[in-house]
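For reference, the structure is listed below as structure tokens.
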Amino acid sequence: MIFKAYKLFFCGLLLSMSFHSIAQARYQPYEWESERRTLIEHGEFESQPLYAIYQGVHYQYQYDYGDFVCYKTTHKIFKVNNEEALQSTNRIYIPLRTTIELKAVKARAITKDGKVTNLDQNNIKELEDEESGMKIFAIEGAEVGGEIEFYYTQKIVGNTFGVEYFQDDYPILKAEFSVATPENLEYEFKVRNDERSVVQTDTTDKENRYHFIAENVPALYEESFSAYHASLKRIDFKLAYNSVAGKKRINTWGDAGKRVYDQVCLRDKSDQKAVVSIAKQTRQTADSGLSGLKAAEHFIKTNYYYDKQVNSDGDRVDFIKSNKFGSARGYTRLYVGLIEYFGLNYELVLSCDRFKMRFDPDFDNWNYLDDYLIYLPKFDLYLAPTAFSFRIGTIPSDMITNYGLFIKPEQIQDFNYPVSRTDQIPEPTYKDNFDNLYIDVSFSDELENTLVHVRRSYLGYSAQYYKASMMVLEDDRKKEMLDETVKFLALDAEIDKINVIESDMSAQNWDKPFTVESDFRAKGYLQRAGNTVLLKVGQLIGPQSEMYQETTRQTEVVNAYNRGYYREITIKIPEGYKVENPESINLLEEVKSGDRSIYLFDASHSIDGQVIKIKIDEWYDQVHYPLADFEAFRKVVNAAADWNKVTLVLKEI
Amino acid sequence: MNKGVFLGFLWLAGLATYAQKPDEVLLSYTSKYPLNNAVQLVKSEVIDLSIQGDSLVANSDVYEEIIYLSDNPSGYSRERIYSSGFTRVDNIEAYSLIPGKRKYDQLKVENMKDSYEMESFVFYDDGREITFNYPSLVKGSKSTLKYKRHYLDTRIINMFFFQSYLPIERAEYKIVYDPQIEVAAEIFNDPKGLVEVKRATTKDGRKEISCVVHNAPKIKLDHNSPSYQSIVPTAHFRVNSYQVKGKNNKVLSDVGDLHGWYSTFIAGLNQPDTTITQLVEKLVNDKDTDLDKLKSIYYWVQENIRYIAFEDGMRGFIPHAGGYVLEKRYGDCKDMSSILVDLLRAAGLSAYHTWIGTRDIPYGYRDTPTPIVDNHMIATCSIDDKWYFLDATGSYTPLGLPTSMIQGKECLVSKGESYELVSVPVIPASENVMRDSVSFRIENGKVTGSGEVKLTGYAKVFNNYRLIKSSKKEVDDYVHRLLGKGSNKFLVDNYKLTGTKDLDVPTFISYDFNIKDYYNEVGDKIYVNLILDQSILDDLIENREVPIENEYLYTNESISVLQIPDGSTLEYLPDDEGEETEFFTYSIKYAQDGNNVIATKTFTVNYLTLGVDQFDEWNKVIKKYSKACRNALVLNKTNN
């Protein structure tokens, strides 16, 4: 966010230099159809509770007495065919962040009988805030079966980068997007998740005009194992050329790298002093290398606090040192300082949440530069400055597989100069993230209860999350958290004993497993059918994700991360009983890529006297998987859920 | 004891604490609170109430002090102060006290952010929140916070809660007031008598009342907890009256005073309005009885006026006129109440503006005749001595059913100069029923059948919210979840939904379904559990310190009819089971009828609030119920 504020500053500077030579265009107030009273039925769409008849965003960029500004109009018309549809569209929020002036707000409701109620401007209310704030109003006179229409024009600081969505969870009959700029400014556009493209339509040399229209855009719904936001149809755009400043492409990855480098990698004396002081507090010497950095990271992440809302003071290392909280940029600057202190090489990485946006290395749109990572090339490890639960080697899963901008400081003679490239952030394998179960089951005398001993071992994301939580929670909450690891297996578990048996929370071993061991009793695994006992053995592994409902799929498969589940279950069948159907345990479902098994569920068993041993290997080892092959992925996910239904019939001999 | 000596002694005691070194202070608290990460040492508000000119003025000093005991207290850094149109806040001073060897170093909080408060259920809110971070907290640090609060109206004075998410060493709520004023101290939710109330007179002749609690343990809230104010010990100062120039001015000495004040909010309403009369004409001209007129008007408002909530100074109390609401087609609860009263009166019915507190508020008008009792407005209408509670903020609620959130509450009905207190009934479980009956056959490992769900009362109302959605997919998904049983392999093949729009008939969902891998076939035996609905089997209550609230009382009925496959015979049928307790009742019955086996299961959840002392009994009956649901019948494939 702070980074974005800087972007505005940057473009204002660059572009205002050139306004003298450019004709001043006049702001053209937006007009809507003033007498739009007739309500048109829209065929098949009428069966939809809610659809948009029109959704348009129009940008008019201009020089305004030396400032580069934009008049941005947002215009929507909804048809609301039921109560919920009306309630979800009758409250309008206009964000005022970056808004210089709200030029116009108009809204009206048109009932199915054609009655028009216009918004009373006195009923627009403001929610004031030091930094942003909002104007809000409710649509007046709206009825089910009618239309809701509004538009507003904001005079905003001229933006160099932008994104506009033209898909939602309701259908859109007509989506429109337009940009008008002074002749010297040339914008570039990329349309995502759609075949259409933005076209340039101007016929004069006074301005550039760009236009996009899409009709009948279907609704997109949330799906499991999917990146909903990143899958929505949208337009990314950027200012690519300014002819007054030369022919060179502007706002490139290289430009971004230089800017970010200056902001993040350079420190004044006071900041440098703070870096050294923090390094010394962790009792690490400058020659301790990676282990020194690990110790410092651990110290910071267990004693300091990341505050998303802190103002720009939080960008300074000396502020962080004396206050023990800071911003994302502040922490990144601190780690860069520490890395240099410990004599390591690094590359700064900027990327974004892949569930919101896929970073496109071929389109230098700085909107992808949202979050910081630091890459240590010598060790091939990443550090996430603001992920306080994770340590070097583990980064938030929403950034893996995404591309990023890698900024490497290179020494050229006496100067450090940032060299930028784009590259993909790797995905850890299923072996790096596991949740394994070792379960022994026996029975109480009357076969009323199952007696279960379980060892549950985590590695990776869950393990580190548990460790971080153990450090901050009060005892009662800690106990609840541990109990949950067992209650996941049996909601009715009566826990006799539960212990953490493996949890090395030291800086150097943070990436080692977290393991819980427990003894519990549960009745829920058992059903009776007269003298026969039904053991719901499938429920011993806890409820599994399923995709039984997913018949029509709209988006590719996107996993949160690769992961493995290995289980060993040993069941001691009571004397005098025999398992009638052990073969129902076996189940195999697999997806291969070449020779490599990327998705697997494999359950098998062996019998030794009264003891049944079950082994289940399950893993997911590729984060993205194409829509066309969705069914194969679904089969593996459902295999685990199918195994939940396995029931052993224990019959008296 | 001589007062001077007493005060001196306190001062010395205070000095002694300060003379303690920070590490000694930390040690004393970690040994007293070994399980806590932080302890609130002081929570206090001292109100000064005085007569200025002819009016009352109330301001208060708020002070809070916390000590942090855990290794990494930085997660506690963030602080929030709320204010609203009625309680303005200023003079905020906040510090971190960082332990040194001999004393604490004081760090002042420099940056505070003032922003609007946004709550999902209120569209526009004049509430503000001031947020900031305590800097540099480490183990053994303290934070202190003080500010002034200005009450814009002495009838609206905050309540004070003696418990919080941290243990509190000393919580004090105090008022110092001029002797011409009469103040009542009201204590709620204090069954253990923790709150000490003391009255005194100051040296300069003013009066004071202090309410103090020492060593209040922390409150551990949980899902479906009753509201905070229903659980924690609470105090409230109510201004009864005051005397100026020999004249006694009543403030809030009884319900009459409160009603008198409230009446001023609705005084300007009910002006003649042709849009209202025209609409009423249209709505009731073909209606013969008063009840039909009432229903027609009530349903029209429910369907056509959208609920949008505003909290905006006195607008928080004063409704808009009915005609205005009619034009805008939206309003908050007051506006809904206002348009209803206008329309009903225009139709010649006896309708009244009515105030009420939702179930979140544990006190009634007779407990304390002040605005802390209510947070809601409805309209009431009396026909043939029967009261109708008309809360148009609740969509899909049929006439005769109050909204669930006001069940069992007492409302203040305004009848011009006079008023009446009327109780809203609690709707019995027998009216809020979900009945699901299915008939199915088994074949090749798969259950295939058809069924019908019938929803009445609140079961209809609350499901309607989920069945009327802005996307069909959402409705499909919800229907699947609502009907789902047997296992998550339950699939709805098709369904038909009727009755959602007509509030006077039940909602019906008829459907075809299948469940793969539901039953077991081994050798010549088939094992099938006819209790497909296994909900609330695992609702055991553990590690919980606060009561549980239930939205409404309800009954679920599930009927399963299994067609015995050709060539098979019934070998074993489980026994019938059942039990009745005050808050949970169940019964499971099996029967064979020719080629069908029928299982009928009914359970009733019969509490609105389940107290902590009832949890054991609840768990006991739920365990029995769970066991009873885990029985399978056995079929024998004799002919094979």
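The values are calculated or read from the model by the stated rules, or taken from the named source; none is laboratory data. As the structure is a prediction and not an experimental result, all values here were calculated from the model. Cβ placement follows ideal geometry from the backbone for every residue including glycine, while neighbour counts extend to all protein chains displayed.
Some values worked out for this structure:
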| quantity | calculated |
| --- | --- |
| Matching residues, the stretch B:316-328, being out of contact with any Gly (no Cβ under 9 Å at 6 or more places or on another chain) and either away from chain A (no Cβ under 12 Å) or under 23 Å from B:THR264 (Cβ atoms) (or both) | B:PHE317, B:GLY322, B:GLY323 |
| Unique match (being more than 14 Å from chain B (Cβ to nearest Cβ), of a type outside the set (A, V, I, L, M, F, W, C) and loosely packed, with under 15 Cβ neighbours inside 10 Å) among A:LYS238, A:LYS247, A:LYS233 | A:LYS247 |
| Long-range neighbours under 6 Å by Cβ, at least six apart or interchain, first residue touching a residue at least 60 places away in the same chain (Cβ under 8 Å) within the stretch B:198-224, second of a type in the set (Val, Ile, Thr) | B:ILE219/B:VAL232; B:ASP222/B:VAL546; B:ASN224/B:ILE548 |
| Residue among B:VAL461, B:VAL447, B:VAL373, B:VAL413 that alone is closer than 19 Å to B:VAL605 by Cβ, crowded, with 18+ Cβ neighbours inside 10 Å and at pLDDT 95 or above | B:VAL461 |
| Subset of the stretch B:329-360 that is acidic (Asp, Glu) and either farther than 17 Å from B:PRO402 by Cα or crowded, with 24+ Cβ neighbours inside 10 Å (or both) - its residue that is farthest from the other protein chains (Cβ to nearest Cβ) | B:ASP342 |
| Count of the stretch B:578-594 residues which are of a type outside the set (A, V, I, L, M), farther than 22 Å from B:GLN614 by Cβ and surrounded by 13 or more Cβ atoms within 10 Å (Cβ to Cβ) | 3 |
| Of all residues making up the stretch B:520-530, the number that are buried (at least 20 other Cβ atoms within 10 Å of the Cβ), within 10 Å of chain A (Cβ to nearest Cβ) and part of a loop (DSSP other than H, G, I, E, B) | 1 |
| Where B:LYS501 falls short, out of the listed (1) within 10 Å of chain A (Cβ to nearest Cβ); (2) modelled with pLDDT of 95 or more | (2) |
| Helices (runs of 4 or more DSSP H) wholly inside the stretch B:201-309 containing at least 3 residues that are away from chain A (no Cβ under 14 Å) and of a type in the set (Ser, Thr, Tyr) | B:255-266 |
| Of residues in the stretch A:123-162 being acidic (Asp, Glu) and either under 15 Å from A:ALA109 (Cα atoms) or part of a loop (DSSP other than H, G, I, E, B) (or both), the one nearest to the other protein chains (Cβ to nearest Cβ) | A:GLU140 |
| Residue match in the stretch A:463-470 (condition: in a strand (DSSP E or B) and in contact with a Phe, Trp or Tyr (Cβ under 9 Å, 6 or more places away or on another chain)) | no |
| Enumeration of residues in the stretch B:197-227 that are of a type in the set (Ser, Thr, Tyr) and crowded, with 17+ Cβ neighbours inside 10 Å | B:SER210, B:SER225 |
| Conditions (1) modelled with pLDDT of 95 or more; (2) touching a Ser or Thr at 6+ places or on another chain (Cβ under 6 Å): number failed by B:LYS637 | (1) |
| Residue tally, condition closer than 24 Å to B:ARG315 by Cα, in a loop (DSSP other than H, G, I, E, B) and away from chain A (no Cβ under 13 Å), over the stretch B:109-167 | 8 |
| The listed residue being among the small types (Gly, Ala, Ser), out of contact with any His (no Cβ under 8 Å at 6 or more places or on another chain), surrounded by fewer than 20 Cβ atoms within 10 Å (Cβ to Cβ) and at pLDDT below 95, out of A:GLY145, A:GLY158 | A:GLY145 |
| Number of the exception - A:ILE40 against (1) surrounded by fewer than 21 Cβ atoms within 10 Å (Cβ to Cβ); (2) outside any strand (DSSP E or B); (3) within 14 Å of chain B (Cβ to nearest Cβ) | (3) |
| Strands (runs of 3 or more DSSP E) lying entirely in the stretch B:333-421 (those with 3 or more residues that are of a type in the set (Val, Ile, Thr)) | B:376-383 |
| Verdict on B:ILE318 being surrounded by fewer than 19 Cβ atoms within 10 Å (Cβ to Cβ), β-branched (Val, Ile, Thr) and not in a strand (DSSP E or B) | yes |
| Matching residues in the stretch B:88-120 - criterion: being in contact (Cβ under 8 Å) with a residue 24 or more places away in the chain, polar (S, T, N, Q) and either in contact with a Gly (Cβ under 9 Å, 6 or more places away or on another chain) or crowded, with 19+ Cβ neighbours inside 10 Å (or both) | B:SER96 |
| Condition check for A:ASN436: under 28 Å from A:PRO574 (Cα atoms) and either touching a residue at least 24 places away in the same chain (Cβ under 8 Å) or not β-branched (Val, Ile, Thr) (or both) | yes |
| Output for the stretch A:530-572, where each listed residue is among the charged types (D, E, K, R) and under 19 Å from A:PHE225 (Cα atoms) | A:GLU546, A:GLU550, A:ARG553, A:GLU556, A:ARG563 |
